[in-house]
Each structure stands twice: as structure tokens, then as C-alpha cells.
Amino acid sequence: MPLVIISGLPSSGKTTRAKEILNYFNDRFNRERQTNRIHLINDESLGISKDSYQDTRVDEQHSRGAMLSAVERLLSKDDLIIADGMNYIKGFRYQLYCVARAVGTPHCVVYCGVSIDTAREWNTKRGAEGYGSTVFNELVSRFEEPDDRNRWDSPLFTVLSDDTSVSCDAIWDAVIVRSPKPPNQSTVVKPASETSYLYELEKTTQEIVDAVLEAQKHNIGGGNVKIAGVNQQISFLLASVTILAYIRMCEA
Ligand code: ADP
Ligand code: MG
């Protein structure tokens, strides 16, 4: 049965979304199938407290190791796993994907795409339940956002902070029915609301920066750069545009 990999910043609503997916799959399995072996694996089920993130580098390795061995132990043709963790290192998501490959079962990634400010706000509201601010900032700075151009991050379902629910029907179709891959929710054009605005701005800016830097690798002395999803091209007269331009765009 499939491996559903959750990913997202600390306090970005991962466990909330994971439980929503768990309930959806439980209900639907009960209605449509005989088997109902679903496991939600997270820090709580593994007995890892937030205090153990004090020394992030050491303790996170422990947390990642515990997650990986639980997935290796439980994932099978008959058991569906929801791996509810930050899973923010792409190499680690690759390792999880390899476990699914080895079992011969599908996988997908569900990304809680909320802005850093929103995650920080939700984290603060948790009080003592949340992450300390130093740990929070460290985890945020090392986060490697899922990218569905990588096979281990695909199919990718992005849930925005103000989405009322996860697209569970689409996840079901992708990993149970295995119909053709649905569009990544983040690529479906919909108006950015106030809460998802910063996230969208940051993501779009990053896509433009990536396209410019990629073009510069092959182009000496300016030229045109094509941005995915946009008809017009950006023209550059300069030989190279530095990352400073990006920072200025963000500050503007
Ligand atoms: P994570 O598992 O990513 O650390 P949680 O699901 O435990 O995050 O949620 C962290 C906090 O954010 C909780 O206090 C929760 O009530 C709040 N929260 C989660 N999702 C939302 C949402 N969509 N809107 C507002 N608050 C939310
Ligand atoms: Mg959680």
C-alpha cells in the first residue's frame, strides 16, 4: 500500500493535515475495501518530544533514523503509511521513496506550503507545545522545499494555509487508483488570498531567480530568459545578474 510523505516547516499544520488524510483513507477503505491497515508515524507515535530538538543536528538524525526504520518495518503491500514529519531534507525524502520502490508500492508527497511568517505565528500560538525560536529558525533555514521535478517528490500535492481541506480525492486517485498524475495543486492558477500571498510571492520570486541563474550558466552577455507559465520573456542587457537583485526584489 502507498507511502504518503508529509513535508513542511515546523508548525505548518503537518499533523493536522496528516490526520485529515488518515480519516479520509480510513473512511474510504471501510466503505470500499476489506483491508484497513493504515499507520500514522510521527514524533508523537515514535515518542520523540520537541525538547529533543535542542541540538537539532544530532537529535534530528535520531528522529530521521526512527522515522526511516518505522517506515521500513511497517510499509508493505497491505499497509499504508503516512510519514508525518518535517521530511525537509531532499536526500531523506529520496531515502523514503527508495523504501516504497523496494516494496513495489506507490508514494506521494503532501507539502504543507505555508509561509515562514504563518508557521512562526502558529508556532508561537502553541506556547510551550511549540518549538523554541532558535530551533525554529534553524529548521527553517535548512528546509529544502519539495520539487515535483524530482521523481522522489512526485506526485506532489501542496496544501496552502487557507485551504479548507486536503485534496484527498486526488491523492486517492494518484496512489490507490493510480490514474494519470493530477496537476500539482501549487501549479493550478487560483487567486492568492491574503494568507497565501507571501508564500506565493516567495515561491514565484524563487522560480524567476532560478530561471535567471540557470540561463546565465549557458549565456554570456545578457539575453532573453523564459519563465515557466509566462508568455513574455525577460531581457537582460547585463552579462550577469547577481543574487542581490533578488534581495532587492524581496525588499521592494
Ligand atoms: P506541525 O505538525 O506541522 O508541527 P500542527 O498540525 O501540529 O503542525 O499544527 C501546529 C499549530 O498550528 C496547531 O496549534 C494548530 O492548531 C495550528 N494550525 C494547523 N493548521 C492550521 C490552519 N490551517 N489554520 C490555522 N491554524 C492551524
Ligand atoms: Mg506534527
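Quick check on my filter: what residues within segment 6-21 are in a helix (DSSP H, G or I) and either more than 6 Å from ligand 1 (Cβ to nearest atom) or polar (S, T, N, Q) (or both)?
15, 16, 17, 18, 19, 20, 21
Keeping to segment 130-158, report how many residues are in contact with a helix residue (DSSP H, G or I) (Cβ under 9 Å, 6 or more places away or on another chain) and among the small types (Gly, Ala, Ser).
Qualifying residue count for the region: 3.
On the given criteria, is residue 113 within 14 Å of ligand 2 (Cβ to nearest atom) and touching a strand residue (DSSP E or B) at 6+ places or on another chain (Cβ under 9 Å)?
Taking the combined requirement at face value, the residue does not satisfy it.
With (1) of a type in the set (S, T, N, Q); (2) within 13 Å of ligand 2 (Cβ to nearest atom); (3) surrounded by fewer than 21 Cβ atoms within 10 Å (Cβ to Cβ) as the list, and residue 7 as the residue in question, which single condition is left unmet?
(3)
Can you tell me which residue is farthest from ligand 1 (Cβ to nearest atom) among those in segment 124-168 that are touching a Phe, Trp or Tyr at 6+ places or on another chain (Cβ under 6 Å) and assigned to a helix (DSSP H, G or I)?
Out of the qualifying residues, it is 152.
Being surrounded by 14 or more Cβ atoms within 10 Å (Cβ to Cβ) and acidic (Asp, Glu) is the filter here; which residues of segment 94-120 pass it?
Within segment 94-120, none qualify.
I need a count of the residues in segment 92-142 that are farther than 28 Å from residue 201 by Cβ and of a type in the set (S, T, N, Q).
Residues that pass the stated criteria total 2.
Quick check on residue 117: is it touching a Leu at 6+ places or on another chain (Cβ under 9 Å) and assigned to a helix (DSSP H, G or I)?
yes
Considering only residues that are in contact with an Asp or Glu (Cβ under 6 Å, 6 or more places away or on another chain) and either outside the structural domain of residue 65 (by TED's automatic domain parsing) or farther than 15 Å from residue 157 by Cα (or both), which ones fall in segment 90-135?
Hits for segment 90-135 are 90, 99.
Residue 110 - would you say it is hydrophobic (A, V, I, L, M, F, W, C), within 20 Å of residue 43 (Cβ to Cβ) and part of a helix (DSSP H, G or I)?
Judged against the criteria, residue 110 is not a match.
I'd like to verify a number: residues in segment 75-89 that are crowded, with 17+ Cβ neighbours inside 10 Å, more than 16 Å from ligand 2 (Cβ to nearest atom) and either among the aliphatic types (A, V, I, L, M) or outside the structural domain of residue 39 (by TED's automatic domain parsing) (or both), how many?
Summing the residues that are crowded, with 17+ Cβ neighbours inside 10 Å, more than 16 Å from ligand 2 (Cβ to nearest atom) and either among the aliphatic types (A, V, I, L, M) or outside the structural domain of residue 39 (by TED's automatic domain parsing) (or both) in segment 75-89 gives 2.
Here is a yes/no grid of residues against (1) over 23 Å from residue 156 (Cα atoms); (2) at pLDDT below 90; (3) under 17 Å from the mean Cα position of the chain (by Cα); (4) outside any helix (DSSP H, G or I):
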residue	(1), (2), (3), (4)
45	yes, no, no, no
52	yes, yes, no, no
59	yes, yes, no, no
62	yes, yes, no, no
70	no, no, no, no
73	yes, no, no, no
76	no, no, no, yes
82	no, no, yes, yes
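Return the total of residues in segment 10-47 being within 11 Å of ligand 2 (Cβ to nearest atom) and closer than 20 Å to residue 126 by Cα.
14
The values are calculated or read from the model by the stated rules, or taken from the named source; none is laboratory data. Please read these numbers as outputs of a predicted model, since none were measured by experiment. Glycine also receives a Cβ, built like all others from the backbone with ideal geometry; neighbour counts cover every protein chain displayed.
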